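Asker: I have a structure here, written as structure tokens, and I will follow up with some questions on it.
The values are calculated or read from the model by the stated rules, or taken from the named source; none is laboratory data. Please read all numbers here as calculations on a predicted model, not as lab measurements. Cβ coordinates were reconstructed from backbone atoms using ideal geometry, including for glycine residues, and neighbour counts include every protein chain displayed. Heavy atoms of the whole protein, side chains included, go into the accessibility calculation; ligands, DNA and RNA do not. Shrake-Rupley method; radii C 1.70, N 1.55, O 1.52, S 1.80 Å.
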Amino acid sequence: MYAVLAGGVGAARFLRGLAAVAPPEDVVAIVNVGDDLELHGLRICPDLDSITYWLGGVVHPTQQWGRVHERFTVAEELARFGHEPWFTLGDRDLAVHLHRTARLREGVPLSVVTEEISRGFGVEQRLLPATDDPVETRIHTTDGRDLHFQEYWVRERAAPEVAAVRLAGGDDAEPGPWVVEALLDAEAVLVAPSNPVVSIGTILAIPGIAAALRTTAAPVVGISPIIGGTVVRGMAHKLLPAVGAEVSAAGVARHYGPALLDGWVVDERDAAAVPEVEALGIRCVATDTIMDDVEVAASLACTCLELAQECAG
Ligand code: FO1
């Protein structure tokens, strides 16, 4: 079984590749919930939903989040009452949030509701919320504002300078059910090419998860989300400096450190970084990590599993 630390789109693309080379029962994704927000009284879990839609084959292919064949009738009707949503919810997407919110109100934990939703989309891989406890990624800007991650990323278009990133509630959060077991029982732990600060960082900020990663006998292999000094998508290049990390393939490996990583996969464009990463005591290989299609993602997944076996040896 492979346990994958996962954020949103980059992780979803990678998981689609892993799903092509490993049986579904061998894949467990431990997914960031720091991006979650409440709108119109509904609980929205963007990273869990992005992964569900990608693995379920219903993601909007160019937008890379949300649903294909989506309509926005509800959003249009809400505008009558002055709701000018900076975070647009489509009609199909709303059905997921309605079900999730109703079940949470019945006292059902997010981990159980997530399994119900995955099953509804025919997703057989296990998607585990990193925690069932309330956590929220907060972005502190240099002009003194404290923004929810989605306010920063979607409403402010990641324009404000970032002073600090904090996972509100993180210190008290317990790992979700099966998360620690997955990390301890895994044959390999894979760190998806997600945002090292607000996706992977928020998962690692949960004390029980960091402890399990220090304890597990499984090799930990990550994929650099930074290619040629920048990102394929998202805003990691704007957040890494706020945590003192260099915006480079080697810089992220150094940020995670040899205490976490046994292996690191960089893009072939960053092959020159391999010796620098290996000097950290982290095995490193370069390959094509631009997952434009599932074949590249599958090949990347194989490279990670091979590197994990080398590290285990
Ligand atoms: N991203 C945007 O840039 N604009 C949006 O209006 C928006 C709405 C939205 C609704 C549901 C959802 O699950 C994701 C949504 N996203 C939107 C993407 C989100 O901000 C994250 O980038 C992705 O979920 C990847 O983590």
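Asker: Here is a list of conditions, (1) within 12 Å of the ligand (Cβ to nearest atom); (2) surrounded by fewer than 16 Cβ atoms within 10 Å (Cβ to Cβ), and Ala11 meets all of them except one; can you say which number that is?
Answerer: (2)
Asker: To continue, here is another question. Considering each of Val243, Val266 in turn, give the residue that is in the same structural domain as Gly176 (by TED's automatic domain parsing) and in contact with a Ser or Thr (Cβ under 9 Å, 6 or more places away or on another chain).
Answerer: Val266
This table checks each residue for (1) in contact (Cβ under 8 Å) with a residue 60 or more places away in the chain; (2) within 23 Å of Gln150 (Cβ to Cβ).
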{"residue": "Tyr2", "(1), (2)": "yes, no"}
{"residue": "Leu15", "(1), (2)": "yes, yes"}
{"residue": "Pro23", "(1), (2)": "no, no"}
{"residue": "Val27", "(1), (2)": "yes, no"}
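Asker: Considering only helices (runs of 4 or more DSSP H) fully contained in region 160-221, which possess at least 3 residues that are within 16 Å of the ligand (Cβ to nearest atom) and open to solvent by less than 20 Å² (accessible area, probe 1.4 Å)?
Answerer: 200-204
Here's the yes/no breakdown for (1) of a type outside the set (A, V, I, L, M); (2) open to solvent by 40 Å² or more (accessible area, probe 1.4 Å); (3) under 23 Å from the mean Cα position of the chain (by Cα):
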residue: Asp270; (1), (2), (3): yes, no, yes
residue: Leu280; (1), (2), (3): no, yes, no
residue: Cys284; (1), (2), (3): yes, no, yes
residue: Asp288; (1), (2), (3): yes, yes, yes
residue: Ala298; (1), (2), (3): no, no, yes
residue: Cys304; (1), (2), (3): yes, no, yes
residue: Glu310; (1), (2), (3): yes, yes, no
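Asker: Out of Leu18, Leu78, Leu98, Leu104, report the one residue that is in a helix (DSSP H, G or I), open to solvent by 60 Å² or more (accessible area, probe 1.4 Å) and more than 10 Å from the ligand (Cβ to nearest atom).
Answerer: Leu98
Asker: Answer yes or no as to whether Gly244 is at positive phi and not aromatic (Phe, Trp, Tyr).
Answerer: yes
Asker: Which one of these does Glu156 not meet: (1) closer than 24 Å to Gly244 by Cα; (2) in contact with a Gly (Cβ under 6 Å, 6 or more places away or on another chain)?
Answerer: (2)
Asker: Across region 35-67, which residue is farthest from the ligand (Cβ to nearest atom) among those that are in a loop (DSSP other than H, G, I, E, B) and open to solvent by 40 Å² or more (accessible area, probe 1.4 Å)?
Answerer: Among them, the one singled out is Gly57.
Asker: Still on this structure: Here's a check for you: in region 222-236, which residue that is at pLDDT below 95 and either not assigned by TED's automatic domain parsing to the domain that holds Leu305 or not in a loop (DSSP other than H, G, I, E, B) (or both) is nearest to Leu183 (Cα to Cα)?
Answerer: My answer is Val231.
Asker: Let me ask you something else. Considering Glu116, Glu124, which residue is among the acidic types (Asp, Glu), more than 15 Å from the ligand (Cβ to nearest atom), assigned by TED's automatic domain parsing to the domain that holds Gly41 and open to solvent by less than 70 Å² (accessible area, probe 1.4 Å)?
Answerer: So the residue among Glu116, Glu124 that is among the acidic types (Asp, Glu), more than 15 Å from the ligand (Cβ to nearest atom), assigned by TED's automatic domain parsing to the domain that holds Gly41 and open to solvent by less than 70 Å² (accessible area, probe 1.4 Å) is Glu116.
Asker: Any residue that is closer than 23 Å to Thr137 by Cα and out of contact with any strand residue (DSSP E or B) (no Cβ under 9 Å at 6 or more places or on another chain) - is there at least one of those in region 69-83?
Answerer: no
Residue by residue, here is whether (1) farther than 19 Å from Gly244 by Cβ; (2) within 19 Å of the chain's Cα centre (by Cα); (3) of a type outside the set (Asp, Glu) holds:
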position	(1), (2), (3)
Ala173	yes, yes, yes
Glu187	yes, no, no
Asn195	no, yes, yes
Ile200	no, yes, yes
Ala210	no, yes, yes
Thr216	yes, no, yes
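Asker: Still on this structure, please answer the following. Cβ-Cβ distance below 8 Å, separation of 6 or more or different chains: which pairs start in region 77-104 with a residue that is in contact (Cβ under 8 Å) with a residue 60 or more places away in the chain and end on one that is within 12 Å of the ligand (Cβ to nearest atom) and in a helix (DSSP H, G or I)?
Answerer: These pairs meet every condition: Trp86/Glu151; Trp86/Val154; Trp86/Arg155; Phe87/Gln150; Phe87/Val154; Phe87/Arg155.
Asker: Let me ask something additional. In the list Ile227, Ile206, Ile200, which residue meets the criterion of being in contact with a strand residue (DSSP E or B) (Cβ under 6 Å, 6 or more places away or on another chain) and closer than 24 Å to Tyr2 by Cα?
Answerer: Result of the check over Ile227, Ile206, Ile200: Ile200.
Asker: What number goes with the only condition from (1) farther than 17 Å from Ser194 by Cβ; (2) crowded, with 18+ Cβ neighbours inside 10 Å that Gly244 does not pass?
Answerer: (2)
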